1. Find the residue count for the range 282-302, including only residues that are over 20 Å from the mean Cα position of the chain (by Cα), assigned to a loop (DSSP other than H, G, I, E, B) and not charged (D, E, K, R).
2. What are the pairs with Cβ atoms under 8 angstrom where one residue, in the range 230-244, is closer than 20 Å to ILE12 by Cβ and in contact (Cβ under 8 Å) with a residue 40 or more places away in the chain and the other, located anywhere, is among the basic types (Lys, Arg) and outside any strand (DSSP E or B)? Sequence gap at least six, or different chains.
3. Hey, could you check the range 255-295 for residues that are among the β-branched types (Val, Ile, Thr) and buried (at least 17 other Cβ atoms within 10 Å of the Cβ) and say which is nearest to PHE212 (Cα to Cα)?
4. Every residue in the range 106-157 that is within 16 Å of the ligand (Cβ to nearest atom), without any contact (Cβ under 8 Å) to a residue 12 or more places away in the chain and more than 29 Å from LEU61 (Cα to Cα), please.
5. Are there any pairs with C-beta distances below 8 angstrom linking a residue in the range 163-174 that is within 16 Å of the ligand (Cβ to nearest atom) to a residue that is assigned to a strand (DSSP E or B) and of a type in the set (Gly, Ala, Ser), with the two at least 6 apart or on different chains, and if so which?
6. Considering only the range 37-53, state which residues are surrounded by 16 or more Cβ atoms within 10 Å (Cβ to Cβ), within 13 Å of the ligand (Cβ to nearest atom) and without any contact (Cβ under 8 Å) to a residue 60 or more places away in the chain.
Amino acid sequence: MRILITGADGFIGSHLTERLLSLGHHVTALSFYNSFGFIGWLNDVKKKPNLKIIKGDIRDLQFIETSIKNIDIVFHLAALISIPHSYESYNSYVETNIIGTTNILTACKKNNVKKIFITSTSEVYGSAKKVPMSEEHSLNAQSPYAATKIAADQISISFYKSFDLPITIIRPFNTFGPRQSTRAVIPTIINQLFFSKKIKLGNINTKRDFTFITDTVDGFVSALKAKKINGEIINISSGFEISIKQLIKEIFKVAGFSKKVVIEKKRVRPNKSEVIRLLGSNKKASKLLRWKPIYNNVKQFRLALVKTVSWYNKSENLNKFNANDLYE
Ligand SMILES: NC(=O)c1ccc[n+]([C@@H]2O[C@H](COP(=O)([O-])OP(=O)(O)OC[C@H]3O[C@@H](n4cnc5c(N)ncnc54)[C@H](O)[C@@H]3O)[C@@H](O)[C@H]2O)c1
């Protein structure tokens, strides 16, 4: 299969690229063009003859149309994802997450792509009204990021309904593991624990369903094998939740030491924008994809944390991040 992955330079996309290459697929990995020639985490992906790296921008329809020629399957992961940044730069979120996704759909339609996976996010649900949250849970945009992802999902579904485009929406809950940006909550706690005097955080009373990266990638790969999933929206969630307060304690246990935690006002999100609780139901994924998470309880979560902490503890890995991220 000739597969295009957008966002292949990012956290989830680079792991997915590696997995699909190892399964023998021909992968075209799209890295976000920049004048430094920087290809993000694709730098760490072992180069194989079945890997082709291209550089460009999903906001550029002409580039996307050319890139999608002769492609069978598209995994669309490219997006702007930081919630705090979306408060300041929402126009770029609209352009990247909504227009960018529409460009992918348009190019897929024109080139008769056989299968398109659009990556959504649990953030589209907003704070849980009922748990576990199934795909039927109401949508509630509590941040510009969530709003643009809801719009991207809806335009994708409309292309399935209007043009019979073979689309499936994969909706991951909070994914964590090696290579995740140090702005995300688990990496920020780990890195501040190792390298700062204190750990500065926002609201620590929120609860999240954390899914380990290998499980998330397994979910995408299972979707590739699954049949009769066009037009479906499918959660990828561990079904295990933990508060950030408890998460800090777990990370301290894994590291073997602790540091003072300080709640910084500037890190606390506006009240109505704070998503208090996310806990996903993975029943539909189990039924349609025959996928089940391995890291789905506290014991397994601790094992995944050990893998994550030990990865960030290697200086060669940490040096790949912008150190300023730790102190913002
Ligand atoms: N990490 C999570 O916990 C999580 C949870 C749910 C959903 N998701 C979704 O998964 C996808 C991947 O997220 P991630 O955590 O790997 O984020 P990431 O930021 O590591 O990866 C996203 C990539 O998109 C690329 N990109 C951004 N704008 C682009 C543009 N205009 N053109 C081309 N490429 C562009 C960036 O270079 C980046 O590497 C996103 O769609 C995100 O919404 C992530």
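Throughout, read-outs are computed from the coordinates displayed, never taken from laboratory work. None of these values were measured; they are calculated from a predicted model. Because the Cβ atoms are built from the backbone with ideal geometry, glycine has one as well, and the counts that use them run over all protein chains shown.
1. Of the residues in that region, 1 qualify.
2. Short answer, once both residue conditions are applied: GLU232/LYS284; ILE234/LYS284; ASN235/LYS284.
3. Of everything passing the filter in the range 255-295, VAL275 is nearest to PHE212 (Cα to Cα).
4. Once the filter is applied, which keeps residues that are within 16 Å of the ligand (Cβ to nearest atom), without any contact (Cβ under 8 Å) to a residue 12 or more places away in the chain and more than 29 Å from LEU61 (Cα to Cα), the range 106-157 yields nothing.
5. Within 8 Å, the pairs are PHE173/GLY280.
6. Matches in the range 37-53: ILE39, GLY40, LEU42, VAL45, ILE53.
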